[in-house]
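Below: the structure, in structure tokens.
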Amino acid sequence: MFNVPTKNNLPSFKKSVDFLCFFFYELAIFMFLLLMFWAPMHALNTKHFNVVKTTADNYAFFNIDNKTNIKPGDILSAYRFSGEWQAEIGKVKVESVANNQVKASFDPEKFSWPMGRQGAIIGQKGNTVFVDIASNFKNGDVLSIFKDRQKIGVIKLTNVQKSPAEAVAYLIGKEKPDLKDLPVTEFTIATQVAFFNNKIIGWLEFLSAAIIAFAYFACWIIYKKSLFQAFFDYIKSLLKKIPVKKLWLPANLLFGWIFVWFMANLSVRIIPYFINGGQALFNLNFLHLSPKIFMPFKPAVYAILIFWYLLLLFKNHKSPILTFWDSLSYGKRKERIKNDTLKKIIIWIMNVVIVYVFAANLFAFLRADINAVLKLGWNNSGVMFLGSFNPLDIKECAYWIFNLFKVVIFIFTHSPSFTSITSVFEFMRYSLWSVTIVLCLFGYGYSLLSFLWGKHIRNVDFTIVGWLANGFCYPLFGVVIWQMVPQLSGQNPIITDGPLFYIMFVTELLLNILYTLSILNLGKMFGVMTDKGLKTTGFYSVVRHPSYTLELLMFITLYLVGLSTLNQWIAVCMFIFIYFIRSERDDDFMFYSNPGYAEYRKKTPYKFIPGIY
């Protein structure tokens, strides 16, 4: 437990920094939990309406139900919501409401993306439909048909001179639904307007955030104790009364089902991924395998894994998951290299491979993040970060570095212009990500060159499990993981207005800032699958894996706005799983690689949340 600084007991600078890291780290977790508590209730009170018509004079129309209390003057958010774009595209202002149809105006100059052309089907005769559209359409235009933001087909305009216009409908699937009143749009994603419809919930969100923040600060000042830990100390005292032995079998059966599902799905997907990736590495393409080829074998894999799991569970009375994990421990690996110089050379070469693979991802991320910054702050400038960093091509590297300096100079010499408050938060998000990537690349670069001044990497986890555990967090193997779960974003944003909308952005920003600081805290010791020594100060005096915790909470907060169904809530739990696996592997590797890690683990017993786990 950390003590609050007092006049009688002035701590050293290091202890003050450690305390501040602890304080803000815990505060960020508190805000995240508050967000998770209110998000489902906020979602239940948010309504979504498809835009059914837009006109050339910048008016949009949408239909509402009798229970929706929208009135002239209301400002609502417009979305074209998908996994690739979750932010609002702009704001519309309600001008009038008549017969449950809302007429709203919008300013195209303040939209991040165009409102676009929309219309609605008002009649149908066989495959011919009659469409209410504005005059800026022409014959041959193909428009998407939507039902509750789900695309069900397309229409092709055949006669826009008639009123209403005529078109031919082509539907997806065998069903022939009634198309009357369904919206059509030039986009492949429906344009919608979102309306948060409960002021009481809004006030409760604001008051709960204010009360928790006040109680959190007051607890530290008055009792010199964390409210967070005080609360969970009470929870743990209640959990002690639970008969753990009676829960052992149900818990193992529950987690066994998750384990079998994961291993079976990973098995049939990872094999073709490795084969196709290997071919791509050597510019070969004689055998392209699809996971579908192995899908018929999945029931057999399920059966084998279930039999193995139940056999170990009831025969050994020990968790098969722990048995499996222990068998993959880094400590099981035998050290064969005795020559110290040769060992250092081999470790350095293996580290070069690790850096090349993971840094390549980071260079691609950096370009994407900087271009997002330019898009959000200088949308009409035409400036873009081009090129790719390929260390095997000096000319291409020089071009990349030249473009990077040019973009950085432009950013620091031109003032940004934002379309909304949300674009400001997004701008800060991608700016922080860019800084974080630069810090990571510095850590990689230091590890490659440190031998020049006599510093050597102690060890690397070059095992298959090491690659998988870390690759799950990168496109390297992460693409396989995310194929196994539903999409992270549903069709509707669940938090679009009210206090929780801003709490969400502030929480994400705080997590993002702390995550960047945690990487800065590591400095030259940052690395993947490497033992470059121990960091025991700052955030790493609070928990052992602060960067993993902050990154996983940041990503969940980022995707929170799109968790519109139970499938999305289940899918987002994959972040927890992959960072848990990565942290377990790191703990195992460092325990056997670094002599000081056992002592560090005693002094810092918690992995993610201080006082809890």
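Tabulated data for the structure shown
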quantity: Centroid-to-centroid separation of the stretch 242-260 and the stretch 494-541 [C-alpha atoms, Å]; calculated: 33 Å
quantity: Per-pair calculated FRET efficiency, R0 = 51 Å: Asn99 and Lys332 via Cβ, rounded to 0.05; calculated: 0.10
quantity: Rh by Kirkwood over Cα pairs, then Stokes-Einstein D for the stretch 16-141 at 0.692 mPa s and 37 °C, µm²/s; calculated: 183 µm²/s
quantity: Karplus 3J(HN,Hα) series, Hz, for the stretch 331-336 with 6.51 cos²θ - 1.76 cosθ + 1.60 (x for Gly, Pro); calculated: x, 6, 6, 8, 7, 9
quantity: With at most 11 neighbouring Cβ atoms within 10 Å, loop GluC sites (Glu not before Pro) (DSSP) excluded, longest segment of the chain; calculated: 336-613
quantity: For Asn159, distant residues with modelled amide H under 5 Å away; calculated: Glu166
quantity: Cβ-Cβ FRET estimate between Asp181 and Lys138, R0 fixed at 22 Å, reported to 0.05; calculated: 0.40
quantity: Extension gain (nm, one decimal) between Ala213 and Ile576, 0.36 nm per residue minus Cα-Cα; calculated: 128.1 nm
quantity: Estimated 222 nm signal from helices in the chain, with DSSP H stretches of n ≥ 4 weighted -39500 (n - 2.57), rounded to 500; calculated: -17500 deg cm²/dmol
quantity: 24 Å Cα-Cα threshold exceeded, pairs from Lys47/Lys93; Lys225/Lys524; Lys67/Lys103; Lys110/Lys375; Lys455/Lys535; calculated: Lys225/Lys524
quantity: Whole-Å distance, taken between Cα centres, linking the stretch 384-434 and the stretch 304-354; calculated: 41 Å
quantity: Percent RCO, i.e. relative contact order, over the chain, from Cα pairs under 8 Å lying at least 6 residues apart; calculated: 16 percent
quantity: Within straight-line cross-link reach of Lys395, lysines at Cα separation under 18 Å, skipping those fewer than 8 residues along the same chain; calculated: Lys406
quantity: Length gained when the stretch Trp348-Lys245 is fully extended (0.36 nm per residue, less Cα-Cα span); calculated: 32.3 nm
quantity: Euclidean distance between Cα centres, the stretch 81-113 to the stretch 591-613, Å; calculated: 51 Å
quantity: Projected-area average for the stretch 325-412 over all orientations - Cα convex hull basis, square nanometres; calculated: 9.5 nm²
quantity: Inter-label distance for Met484 and Trp325, nm, one decimal - labels placed 7 Å from Cα along Cα-to-Cβ; calculated: 1.5 nm
quantity: Distant-in-sequence amide H partners of Lys147 (H built 1.01 Å from N, under 5 Å); calculated: Ile152
quantity: Burial order of peptide ranges 492-505, 28-41, 401-414 (average beta-carbon count within 10 Å, highest first); calculated: 492-505, 28-41, 401-414
quantity: Cα-only Debye scattering, the stretch 409-530: base-10 log of I(q)/I(0) at q = 0.10, 0.11, 0.17, 0.18 Å⁻¹; calculated: -0.51, -0.61, -1.14, -1.18
quantity: In nm, spacing of pseudo-spin labels at Ala364 and Thr68 (7 Å Cα→C-beta vector); calculated: 4.0 nm
quantity: Cross-link partners of Lys162 among lysines (Cα-Cα below 22 Å; sequence separation of 8 or more within a chain); calculated: Lys53, Lys125, Lys138, Lys180
quantity: J(HN,Hα) series, the stretch 427-440, from Karplus relation 6.51 cos²θ - 1.76 cosθ + 1.60, nearest Hz, glycine and proline x; calculated: 4, 5, 4, 6, 5, 5, 4, 4, 4, 4, 5, 4, 5, 5
quantity: Principal-axis tilt of helix 227-239 within the chain, Cα atoms, nearest 10 degrees; calculated: 80 degrees
quantity: Built amide H within the under 5 Å cut-off of Gln124, gap 5+; calculated: Phe130
quantity: log₁₀ of I(q)/I(0) at q = 0.13, 0.25 Å⁻¹ - the stretch 200-263, Debye sum with one point per alpha carbon; calculated: -0.69, -1.00
quantity: Contact order normalised by residue count of the stretch 133-289, Cα under 8 Å, 6+ apart, percent; calculated: 12 percent
quantity: Inverse mean reciprocal Cα-Cα distance (Kirkwood Rh) of the chain, Å; calculated: 28.0 Å
quantity: Whole-Hz ³J(HN,Hα) from phi, Karplus 6.51 cos²θ - 1.76 cosθ + 1.60, for the stretch 537-549, glycine and proline x; calculated: 10, x, 5, 7, 8, 8, 9, 7, 10, x, 5, 5, 4
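We did not get these values from a lab; they are worked out from the coordinates using the rules stated. Not measured: the values here are computed from a predicted model. In this analysis, Cβ positions are derived from the backbone assuming ideal geometry, glycine residues included, and neighbour counts consider all displayed protein chains.
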